[in-house]
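Any read-out appearing in this document is the output of simple, stated calculations on the displayed coordinates, not a laboratory observation. What you see is a predicted model, and the numbers here were worked out from it, not measured in a lab. Counting neighbours? That spans all protein chains shown, and the Cβs are built from the backbone with ideal geometry, glycine included.
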Amino acid sequence: MSQINDPKVAFAYLRPACVLLTKEPTVANVETLGEQLKEIHDASLQQLQEYVLFPLRFVLKVPQLKKEKLVQAVAEALSYVLEKTCVQSWDTLHDLFSELCLCLCSPTDPGKPADLSEELKSALLRCLDALLHAAYGDIVFKLYEPIMLPGLGAAVSLLLALGEKEKSREVQAAALRCLQSLILHCDCTQEHVIPSSDERCSVGSTMASFLPGIAMAVSRIITGNLRQGHAVTVRAIKVWCGSVGLVMEDAQLQSSKACETPSQELGRIGQLVVQRAPEWVKSTAGKLSVLLKKIISCTSAHRHWRVRLEMVELADHLLVACSQSLRECVGLLLEALVGAVNDEEPKVRESRSSDGTSQILADVLSENLHSLATSLPRLMRTSNDQKKLFVLKVFLGYFKVLGPLVSVVLNSAAHLERISKALMQVLELDVVDVRIVEERSHGESLERSSGSVGSYAAHIPQKHFLYFTDEKIFSVLMEICRTLGFYGNIYLLTDHFLDLYRQSLVYRKQAAMVLNEMVRGAAGLAMATGAQCLDSGVQGPSASQEDLKVAAVSIMEEYTSLTNWNLITTCEETDGDRQDQQVTLFSQVWRCSLNSNIWQLCIQLEGLACLAQALGRDFRPLLMTSLYPVLEKAGEETLLVNQAALNSMMCISQACGYSSLKELINDNSDYLLNDISLNLQRLSQHPQAPRVLTVMLAHSDSSLLPLIRDVVQDVLMALDLSYNHSAALFCSVLHALMKALARWFPVSRCRTGGSARSKTSTDDFNCRQFLLDYQKQKDLAEGVGIEVDDTEDLEVPPASEGEDAEDICGPDEKSELPSHLIITKEVAERCVHLLSDPRLQLRLKVLEVLELCVYVLSERENELLPMAHRCWPVLRQRLTADDPLAVLRAFRVLCTLGEACGDFLRRRVSKEVLPRLTSSLTRQAPVSAKAGPVYTHTLAYKLQLAVLQGLGSLCQRLDLGEADLDAVCEACLPYLSCRQPVRLQEACLSVFQHLIQVDPDTFWFTLNELHCPCSYTPPHPDLPPIQLSGMGRPRDEYSDNVLKLLREEFGLCDGSVC
Amino acid sequence: MSLPAPHPIYTLRGAGGALNTLHFRCHGEDPHLLFSGSGKGSIHIWNLNSRRAEKVVEAHSGSSVTWVSTLQSTDTLISQGRDMQVCLWDLNEGRSELLESVWTGSVGFCQCSLLETSPTNYLLAFAAQQTEEIKIIELPSKNPVCTLTPKAKVGMVMCIKLWKTNSGLGPLLLAGYEDGSLLLWDVTQRAKLSQVRAHPEPVMCLTFDPRRLRGISGSSEKKLSSWTLDSQNNIQLQDDVTLVNPGVSQLCIREDGRILASAGWDDRVRIFSWKTLRPLAVLQYHTDMVLSVAFSDHQDPRQRLLAAGSKDQRISLWSIYNDGAGKG
């Protein structure tokens, strides 16, 4: 719809409505006029402004007409006109202003708002705002002339009252917006009159009269109701900022006009005028700083980011405009700003842009920093997490704002001392958790982690602090440390914190934490560097790579020095005598110190990882000294330390550019082995050396072998020298070694797997061939076919000659034996000695090692058999006269031996071991048959089970004679009973399965003797009928298992008859 | 004497053979190097900063390397092997190229001796084809300088040391022989200056301190024999040092003339005061015969290391008596 552009047409168009309105002031008429106004073009409306305004103002003026609806409609129409046009005449402005104020205020008290509807109020306020915006530049300043003071004062107090007391948020906001317009601090998008400095000064002088009122009331609004919504708070902050900024502006106060005495003509009004003399400024600033403090404390941690943003703008504005007059408040304002530097909301963080306030602030900032550092520990103890977080953010903000100046500030010993002490106190760890000491790693973690590097890393120990629990607080603290390192002088800081580290046990962990993060910061890691510092030209950390390396070396040396690294973390000694309460009390203290040690180690391990991250590939030369200590801790039993060390290894290998832990260890095995070999020679000072070897072995592969060989020699020599003291320790190394060898050189089982699948041939059973064979065997047994035998004997020698030939060149070839086999032989030799050690634990361990030795050696029979021979006497002792646990383990070794050596051990087993085993089985059978479910947890059961599980294959491998098989069968038969525990039955079935493979006929007969499900009719009537003792027996405890065996092994089904 | 026994600061492993000879080169800014020659014919060049073999030169086609040295002036490595060759290698810019080789014809174990007469010329003395003959040639021209053959029967040449006197005389040569004799030769005159029977057994090794005109020699027995040269260039036998176990493979005097190290067949390195020949320390680490010892020529006396190479295929590095360096 096109608008009416011609003023004359417009006049004609509007005239009837205006006239009607004047005559009959009704809502309908006002609305009609309002509608018509919308069709007039702005330029025409400007010309007709006075004319149009008249009827509207008339309505407002006539008191008896003041019905709310009507006034509201008028106000809306007025607003429309004012928004579209300018007010050029002072009278119009003045009159309208006072009329609108009058409408708003209560008839009795001009300073109090009238009891009107919210809609009306907001319409009137909108109208007022429009009026203030519409006023022409040359007339608007007349409003602020001293003569206007009373009216203006009434308006201000009215608006304040509306802003403060009103319930509706819109009205509050509208009132505050009006105030903003009034103090020339409007933030809307419309064009505003830009005052000259003189004009601004006069406005300032006028508003100075109202400053106390405005500042007080607005700060009440800001700090008042938390639920009032952020929009109101934001507006209020704007008003506060605008009014203070206007009145206290440095530029105005410095010019002489600020304190001109009012002219005498004003009379009583003159008393209202404030002279902004220096004393006044000072006292006002004092009062304002009190208010400001309140406001900041209430808003800086406000939940809504807009409020925080507004606060930053306030601080920024005031710092720029009034840093002289509000000198007392500069600190507060800076704090607010600095706190915002680390706001979570990026908009707030980035909003800080003031660049005028640079160098002069450095002093103030460092002063503030000092006092904050002083009060930090107290604040951390007393306040809640929210507040702590803010305080720390401020702390961090100072560093960020100071930027490169940090190093200058830290040159002051007092500052450095304060800051470091504050950090020390804040970062104090809580070390009373019981689990830290109690948790043990059990070796598996080593292997597990070696398998899957990626999936690991999850278990990072959580630190507990005395003074806070929030993870955010910790991360801010760490960022503080990083920022320190980033901007500070790395030498100075390293020196200082290392001093603290050495100074007292109390500070040690904290200092280490600070150092760790500092170094990372110095390398520019995990640093969000923005243009937040005062001197934003500097990019990148202050320390060069060379400096960093020097610092890293000194930190590492301190961490890994004997006294700081070899801390006691386990309390084996105290385990025994923990009886009475005194001991418990003692152990409480003891535990704390152990925990503390554990944490210290963890932090130091993390530290090494941080150093590696900071240096990247430059850390590689440092691996010479650092990798060994880390591995030493990776072999530690305490879970936390163990995990921390593994994490650290992971980090180091990443930082140094290795693709995996294995690569890290393989590439640096020479460094590690050097230390291991040296330390093995002084085992008393370095008892950890074997552990490092264990870890190495667990994480590397066979490429390590050539290097490791002489170290193994060292280990064995060290073991030989100290059988009594450290045999247990060495045994674990040997175990790890053999495990590694078994993993690196898996034995091909082709030699052992080939035999004994004779069962297939029984399928097509050839009766004739069988009889022929039988005849031949019989002849042989009677000595008929001796010649044949001779030829067979003759056939053998060539083969043995070949073996001899091998033996002849043996001495030379012996050195050609793969080194892993040489090592294994040596280890096995030690096992033979250690097997008779009085310590049960050690014997068990040695048996495990021996089993692995047998496994590895099993590929070379020439080496294995002598070894088996050597270890047989001791092994027999273990099998026959030892603790059941050892018997169990020894039996397993025997099974492996049987598996590997075949019939070599037949005679020994059948003579020396088998009788005992069978007799113990027979003895235990009735016990286990009667026992309850708890029995499965006893050692006797485990022994039974192990023997039954291994016996079958042992018999088969050793190729035992008939008598022995009978004995075994005899002993095992009771276990076929369904009264035995299920697993024993299963194990027994497996024995029979093996036995059946050795001699199917015998055991078919044996089983049928026990239970025969079907009758057999002879194929020819001449043959006597078959009578088996198991025939026709009723079902008993054995029938199920016997049937099962017959069915599975002989393909017998119940109904079938042969 | 209450100090605990020192430990090696580091051990270099992976040489893969017995270590017959060691040689440091620590002057200059380059990474400081240690050269080792192994019984398997390879020369390892160890970087002392990273403590790793920087390069392995397969020098004498598998025959044992008996001696390595470098020239001060250029990046040249000289090695002697049991394949009867002395080879010169160019090590410039990470290369390892064979420059020259000299056939010695000696089947013995006698190590060569090198004397740099000027930045470009140097003399090399070595045992020659005849068992008691010593040849001296000039390098790099390969011109033979002289051949020294003793008139008396002294047996095979066991060890030689070539040095230049401060007096006007030309280079002198000390040689130890199989029958335990020590002979002093004047190279320019090609004449024997002095002879003395220092040991009843073959002279296994000798070393000489040209500043004090004093030397010491070792043998397969329990005794080290020290001697001096008087003004007439006569060898004068002095004190003996009795060892605990017999057999010394090498002797070495530190550049500052304060201590002497011996590589013992008893797996130990022994340190003596060079002035008084008082035993100072026994360095025990190796598990087999120690075959060679060497002191580093580092500019900073505090960083001068001792290296010992053993039949157990390891090199041990020791930092000993370095603290009071500079004091008398």
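What nm value, rounded to one decimal, do you get for the distance between A:Gln503 and B:Lys55 when each label is placed 7 Å out toward the C-beta?
5.2
Suppose R0 equals 35 Å; then what is the FRET efficiency for A:Lys472 and A:Ser283 from their Cβ-Cβ distance, rounded to the nearest 0.05?
So the FRET efficiency works out to roughly 0.30.
Considering the alpha-carbon set of the stretch B:17-103 alone, what are its Rg and its Dmax in angstrom?
Rg, Dmax (Cα atoms, Å): 11.9, 35.
Across the stretch B:108-242, how many lysine pairs, 8 or more positions apart or on different chains, have C-alpha atoms separated by under 22 Å? Please give the number.
Counting lysine pairs in the stretch B:108-242 gives 14.
Take peptide A:675-682, look around each residue's Cβ out to 10 angstrom, count Cβ atoms belonging to other protein chains, and average those counts.
Averaged over the peptide's residues, the number is 3.
Averaged over peptide A:126-134, how many Cβ atoms belonging to another chain are found within 10 Å of each residue's Cβ?
Across A:126-134, the average partner-chain Cβ count within 10 Å equals 0.
With each label point set 7 Å from Cα along the Cα-Cβ vector, what nm distance links A:Asp495 and B:Arg212?
The two pseudo-label positions are separated by 4.3 nm.
May I ask you to derive the FRET efficiency for A:Ala43 and A:Gln324 from their Cβ-Cβ distance with R0 = 51 Å, giving the value to the nearest 0.05?
0.65
As a footprinting exposure proxy, order A:Phe1003, A:Phe54 by other Cβ within 10 Å, with the fewest listed first.
Placing the least packed residue first, the sequence is A:Phe54, A:Phe1003.
Would you compute, for the Cα atoms of the stretch A:38-132, the largest minus smallest coordinate along each principal axis and list the three values in descending order, in whole Å?
The Cα atoms of the stretch A:38-132 stretch 39, 25, 22 Å along their principal axes.
Just report the Cα centroid separation between the stretch A:934-948 and the stretch A:17-60, whole Å.
Between the Cα centre of the stretch A:934-948 and that of the stretch A:17-60, the gap is 108 Å.
Compute the separation of the alpha-carbon centres of the stretch A:866-930 and the stretch A:639-714 and state it in Å as a whole number.
Rounded to whole Å, the Cα centres lie 38 Å apart.
Can you give the local net charge around A:Arg1033? Use residues other than it whose beta-carbon is closer than 14 angstrom to its beta-carbon, Lys and Arg +1, Asp and Glu -1.
Neighbour charge sum, excluding A:Arg1033 itself: -3.
Modelling each spin label as a point 7 Å along the Cα-to-Cβ direction, I'd like the A:Cys188/A:Ser544 distance in nm, to one decimal.
According to this spin-label approximation, the distance is 6.1 nm.
Output the peptides B:124-134, A:243-253, A:98-108 sorted from most to least packed, where packing is the average of other Cβ atoms within 10 Å over each peptide's residues.
A:243-253, B:124-134, A:98-108
Just want the answer: with Cβ charges of +1 for Lys and Arg and -1 for Asp and Glu, which residue in B:Thr74, B:His60, B:Leu88 is farthest toward the dipole's positive end in the stretch B:19-130?
B:His60
Could you let me know the centre-to-centre spacing of the stretch B:118-160 and the stretch A:488-521, using Cα atoms, in angstrom?
One Cα centre to the other: 63 Å.
Using Cα-Cα distances under 8 Å and only pairs 6 or more residues apart, what relative contact order does the stretch B:108-242 have, in percent?
About 15 percent, as a whole number.
Considering every residue in B:9-19, what mean count of other chain Cβ atoms within 10 Å of its Cβ is obtained?
If you average over the peptide's residues, the count of other-chain Cβ atoms is 3.
Can you return the lysines within cross-link range of A:Lys776? Criterion is Cα-Cα under 18 Å, with same-chain partners fewer than 8 residues away left out.
A:Lys776 reaches no qualifying lysines.
At 37 °C and a viscosity of 0.692 mPa s, what translational diffusion coefficient does Stokes-Einstein give for the protein assembly as shown, taking Rh as the Kirkwood radius over Cα pairs? Give it in µm²/s as a whole number.
Translational D for this selection: 78 µm²/s.
At R0 = 60 Å, how high is the FRET efficiency between A:Glu170 and A:Asp430 if r is their beta carbon distance? Nearest 0.05 is fine.
Efficiency, rounded to the nearest 0.05: 0.75.
For chain B, list log₁₀ I(q)/I(0) at each q in 0.13 Å⁻¹, using the Debye formula over Cα point scatterers of equal strength and ignoring solvent, two decimals each.
-0.95
Whole-Å semi-axes of the stretch B:108-242's equivalent ellipsoid, largest first, each the root of 5 times a Cα gyration tensor eigenvalue?
After diagonalising the Cα gyration tensor, the semi-axes are 23, 17, 13 Å.
Just tell me which lysines come within less than 24 Å, Cα to Cα, of A:Lys84; anything on the same chain fewer than 8 places away is out.
Reachable lysines: A:Lys8, A:Lys38, A:Lys61, A:Lys69, A:Lys121, A:Lys142.
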